Amino acid sequence: MTIKLTSDEALVLSHWLESLQMTDLSRVVDDPAVWAPIRRIAGTLDKALSQLFAADYDQRLEAARQRLRAED
């Protein structure tokens with residue numbers, strides 16, 4: 001299966017998944033079978049996104065969020 005995301009979508013989703021994984025997943029995701037795919041998607045995004053390690057990551061993330069909100 002292939003899922004295509006824009007760089008903005010990937011960056012915002014990666015940040016959200018990271019935040020999700022930092023919480024108690026059992027409180028948010030009631031089926032432990034879903035945890036493995038969540039972790040796999042997050043790991044794939046982490047490997048693909050060099051922006052995660054940029055000094056201006058916070059600014060890049062906010063800019064991506066603004067562009068995606070403007071699309072609605």
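Values in this text are rule-based calculations from the coordinates and carry no lab data. These figures come from a predicted structure and were not determined experimentally. All Cβ positions, glycine included, derive from the backbone under ideal geometry; neighbour counts span all protein chains shown.
What the table below lists for this structure:
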item: Size of electric dipole in the chain: Cβ of Lys, Arg +1 and of Asp, Glu -1, about Cα centre, debye, nearest 20; result: 200
item: Degrees between helix 35-48 axis and first principal axis of the chain (Cα, 0 to 90, nearest 10); result: 30
item: Relative contact order [Cα under 8 Å, 6+ residues apart], the chain, whole percent; result: 48
item: Angle in degrees between helix 7-22 and the longest Cα principal axis of the chain, rounded to the nearest 10; result: 40
item: 222 nm mean residue ellipticity, helices alone, for the chain (DSSP H n ≥ 4; -39,500 (n - 2.57); rounded to 500); result: -21000 deg cm²/dmol
item: Linear extension gain, SER7 paired with ALA55, 0.36 nm per residue minus alpha-carbon span; result: 15.5 nm
